[in-house]
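Contents: one structure, followed by commentary.
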Amino acid sequence: MTTAASLYLANIPSPDQGVWNLDLGALTIPIRAYALCIIAGIILAIWWGERRLVARGGAKGDVLDIAVYAVPFGLVGGRLYHVATDYYRYFGAGKNPLDALKVWDGGLGIWGAIALGGVGAYLGCKRKGIPLPVFADAVAPGIVAAQAVGRIGNYFNQELYGGSTNLPWALEIYVRHPDNLTGVADPGHPQILGSPFHPTFLYELIWNLLIAGLVVYLDRKLRLGHGRAFAVYVAGYTLGRGLIEMMRTDPATMVFGVRINVWTSLVLFLGAIAYFVLARAKGDREDVAALRAREGEAVPESTEDSAEPGDAKETEAEAETDDEEAEDKAEKAEEDEKAEADVEEEAKSGK
């Protein structure tokens, strides 16, 4: 019997493949959906962060300049975190350690990306004269939105799904050949054992978009500054990530019987909440233009490159005044000497 629900709510089919080979004759270029999603997410984060930083008094191009440092650092950090926490995929009997370098096959840990990406962002912010918390607040909603886009890449890779379910939005996972990442679904779309599953990638995608909206809302309502908007992102994301992580069934490093990313989420959630509360004492939201102006006033006067035109004129006027005073003193000294000579002459004549 066909019900109304089955007519409008059906299982979510997976893509037949996640990689397309562009044949150029002597060269074949693999076009990977996962990589395209990561790139699209980075572009979105930079574009949105640029608009938000300009609204905070920054200059156009600041976020892009800082991203030149942050993005490469973040990609390396994300991969290092993934390899460290999922080491069993790359090391041990029958494993190839060089596979750890194949970032295009998927596997970027967000907290490694945030941690090392933060180091790169700090270097870029230092060169631009922008405090790191100001930059973090500006890019916070863009980062979590970029993570949502990246989850679409997991969909194409048929990864990050949960346990079996018969819910109408369950995700079908197909048998692909020669392998899941680079292969194509078999004719007739036979599903792997246990399929369909909870689409945990989709749950996180939706959650991330909600957190992006929450960051923007609270930022406008409370005028968050000093890294507090970024703290909202961290607290909100880790709350959802910890709950969704417990639904996943793919292999993971376990600590005291719990997936390691659940522990990471818990620690970061508590840290973010504490920072959000304590940073309130730092006062109102920073103004980048005002901060730069104060830094400009603090430049030593001996720095020739930073001298203002008016300062140069004043210096020249003072130099001219000093020269005139020196000339007057010299003339007066000559007159005194001449007067003394006349007195001595008159004295000799009197003798």
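Numerical summary
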item: 12 Å beta-carbon shell around Tyr155, net charge (K/R +1, D/E -1); result: -2
item: Sorted by Cβ neighbour density within 10 Å, fewest at the top, the residues Ser195, Ser265; result: Ser195, Ser265
item: Within the range 185-224: backbone nitrogen closer than 16 Å to the Leu44 label point (7 Å, Cα to C-beta); result: 201-216
item: Sites Ala252 and Trp20 - FRET efficiency at Förster radius 30 Å, r taken between beta-carbons, to 0.05; result: 0.50
item: Amide proton proximity set for Leu171, modelled H, under 5 Å, gap of 5+; result: Ile12, Phe197, His198
item: Translational D in µm²/s for the range 151-236 (Stokes-Einstein at 4 °C, 1.567 mPa s, Kirkwood Rh from C-alpha pairs); result: 85
item: Mean Cβ count within 10 Å, highest first, over the residues of peptides 109-119, 132-142; result: 132-142, 109-119
item: Per-pair calculated FRET efficiency, R0 = 22 Å: Val175 and Asp99 via Cβ, rounded to 0.05; result: 0.50
item: Extension gain (nm, one decimal) between Ile12 and Leu193, 0.36 nm per residue minus Cα-Cα; result: 63.5 nm
item: 5 angstrom amide H check on Val184, placed H, neighbours 5+ away; result: His177, Asp179
item: Ellipsoid equivalent to the range 163-296 - semi-axes via the Cα gyration tensor, in Å; result: 41, 18, 14
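All of the numbers you see were taken from the coordinates with simple rules; none came from a lab. Every value quoted in this text rests on a predicted model; they were computed, and no experiment measured them. So basically every Cβ, Gly included, is an ideal-geometry build from the backbone, and we count neighbours across all protein chains shown.
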